Amino acid sequence: MSTPVADTGHPACMAETPVVRTTTTRRHWRELIGLALDADDVYGAAALYPYARAADRERLGARLFGTRRERLALAAFAFAPPAVLAQLAALAAAQHDETLKLRLARNPSTPDGALDVLAAAAQPVPVRLSQLLARHAHAPHALLASIAAHTDDVSVLHALCENVGVPSNLLTQLEQRGIAMLQRVLAIHLATDAQTLLRLWKTTRASAVRAQVLRHPYCPDTLLHTMPASVAERRSLALHPRAPANALVQLARDDDAAVRRATALNVNTPTGALIALCFDAQASVRRAVAVRDDIPLKVVDWLADDADAWVRRALARNPACPGLWLERFVKDSESEVRRAVSRHPRCPAHLLAMLADDAVPWVRAGVAYRDDLARAVLHRLTADQDIDVLSGVARNPATPQAQLARLAAHPVPDVRRGVILNRHASRRVLLRLRDEAYPLHRVLVFEHPNLTDADRWRMRFDPDSEARARIFGHLGRTLGPVGSAASATSTTKGRRHAHSHAISQPTSEADSPQDSTQHEPPYPHYPTNMMEPR
């Protein structure tokens, strides 16, 4: 079978590459439409809907929105395209379908325009719908302000305060209402400004509210120079990165272990106080000292003999721990300490070779996941029979393709998933995994950068409805007439913008947490095995 579109590397790039619509492309698009219309579920049709022109949209719309049952199912589908959810919002407003409105307001993918439609469909807005709209991350600022202005319901206002997108001025207005039940969430919200935090401090005696004010990144400096009475407030002060040194010295001698532990975690804690904390009677405090990446070498010497295994474990994985002490930890009686040595970013090669022969499989697995592993050690681990070890070998980018092919046929799904998540797995190896029993595995294979578009096209008959929706979404983006044109336009604009931005503006970090922007990584972020992060 011919390739529907040119091979473009990995999925993130494919959506941005202009597609020449050939006869084959149009034929494949028509086939996708037919498959979506004939399917038992509507998710495939929903995935194609944004990339279809008027005639095909009408056919897909009849399938998607024809019955109330299908409309309700789509409204609850978190991966439904925004164009589908926007059309559902218009239908819900026109038909006064309150259940459909609630499902759309609850769906995290519902776009801002659709939320405006839902709010305008009924006046006054029902309380439950107002709560969902007030909490929705995509709710426009104007809608949030309108909700706040037209309600006194505490549950709705509380939902507003929980919305991460609420602007600072609206939070200030809510604080001025003097509602005690809102004070703690206002103190938690990162958009609350310093003046509002100061008023919260002055108008409440609640320790929970004051503790959140002291923990807030915009907490006024005047509050940080006072020593609070309650344990919760002192713990918050001890954690604050702008806490003064003299306060941290005093907090390091606090009667409460939680306060001392918070002080041990603060990067501004003076060295003298930190040394005292490394001899604390509570193991939790010493563990907090052991995880610091600026820990003095003298403290490392003292903590290396700690009776608590988790102190030694934290120290063994700490980048500040020198190789001299790793030599000692590699012989520790606790397997978790030895495992931590295997995950140390600068663990010497000869220690990794020792740990590869450890009696505990969990320790050997920590070695198997390392990208800097010597070939001889990796070859030794390929003969291991433990599932955790083989999963690490399967994920290792240096594992030979012949070994990956053998692991791809392993009876345990965790091992096969390791092969799928290996970005260096060859196309020949991946082709064996296209018929995996687990839908997630098939989707991950589909998104792997080393498959060709012809390989992906052959996966269009996936039996799982949600997996097929993911597959149809990508194929629709690359084959659909609207998706192809949008890709070409966005690519041209994106390249022009990137070029001008590189010339005219330097890269800078955001000034506040609210201004930060998430960017797509160059390689898809695949979920990892649960055993790997430890």
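Each Lys and Arg contributes +1 and each Asp and Glu -1, all at the Cβ; summed about the Cα centre of region 279-391, the dipole is approximately 180 debye. What FRET efficiency do you get for residue 308 and residue 383 if R0 is 51 Å and r is their Cβ-Cβ distance, rounded to the nearest 0.05? FRET efficiency, residue 308 to residue 383: 0.90. Shown in residue order for region 323-334 are the 3J(HN,Hα) couplings computed by the Karplus curve 6.51 cos²θ - 1.76 cosθ + 1.60 at θ = phi - 60°: x, 4, 7, 4, 4, 7, 5, 5, 9, 5, 6, 8 Hz (x for Gly and Pro).
This model, with +1 at the C-beta of Lys and Arg and -1 at the C-beta of Asp and Glu, gives the chain a dipole about its Cα centre of some 760 debye.
Our coupling estimate for region 93-107, obtained by passing each phi through the Karplus curve with A = 6.51, B = -1.76, C = 1.60 and θ = phi - 60°, is 5, 5, 9, 6, 8, 5, 5, 5, 4, 5, 5, 5, 5, 7, 6 Hz, Gly and Pro reported as x. For region 390-462, the list of trypsin sites (Lys or Arg not before Pro) that fall in a loop by DSSP and count at most 14 other C-beta atoms within 10 angstrom reads 423, 458.
Between residue 428 and residue 205, the contour length at 0.36 nm per residue exceeds the Cα-Cα span by 73.6 nm. If a spin label sat at a point 7 angstrom from the Cα of residue 275 along the line to its beta carbon, the backbone N atoms of region 243-261 nearer than 17 Å would be those of 249-250, 252-253. For a test of the definition: using alpha carbon positions, the gyration tensor, and the 1.5 limit on a/c, classify the chain as rounded, prolate or oblate. Oblate shape, in that a/c is at least 1.5 and b/c is the bigger or equal ratio. For region 291-427, the relative contact order comes to 15 percent (Cα pairs under 8 Å, sequence separation of at least 6). Once C-alpha pairs closer than 8 Å and six or more residues apart are averaged by separation and normalised to the residue number of the chain, the relative contact order reads 15 percent.
Checking the a/c ratio against 1.5 first, then a/b against b/c, what shape does the Cα gyration tensor give for region 15-128? It is prolate, given that a/c is not under 1.5 and a/b is the larger ratio. Set the Cα radius of gyration of region 348-419 against 2.2 N^0.38 Å, with N its number of residues, and you get 0.98. Once the Cα-Cα distance is subtracted from the 0.36 nm per residue extended length, the residue 55 to residue 464 segment shows a gain of 144.5 nm. Only helices enter this figure: runs of n ≥ 4 DSSP H residues, each worth -39500 (n - 2.57), summed and divided by the residues of the chain, yield -16500 deg cm²/dmol at 222 nm to the nearest 500.
Listed by Cβ neighbour count within 10 Å, with the fewest neighbours leading, 379, 216 appear as 379, 216. Per-peptide packing, taken as the mean over residues of other Cβ atoms within 10 Å, places 352-361, 205-214 in the sequence 205-214, 352-361 from highest down.
Label-to-label distance, residue 438 versus residue 229, with points set 7 angstrom from Cα along the beta-carbon direction: 5.5 nm.
Shape class of region 62-114 from the Cα gyration tensor (axes a ≥ b ≥ c, square roots of the eigenvalues): rounded, since a/c falls below 1.5. Counting every other Cβ atom within 10 Å of each residue's Cβ, 127, 267, 367 order from fewest to most as 267, 127, 367.
Taking each residue as 0.36 nm, the span from residue 78 to residue 222 lengthens on full extension beyond its C-alpha to C-alpha distance by 47.4 nm. Only Cα pairs under 8 Å and 6+ residues apart enter the sum, and on that basis the relative contact order of region 348-419 stands at 27 percent. For the pair residue 253 and residue 372, label points projected 7 Å from Cα toward Cβ lie 4.3 nm apart.
Read the figures in this text as sums done on the coordinates, not as results from a lab. Given the structure is predicted, the values throughout are model-derived calculations rather than measurements. All Cβ positions, glycine included, derive from the backbone under ideal geometry; neighbour counts span all protein chains shown.
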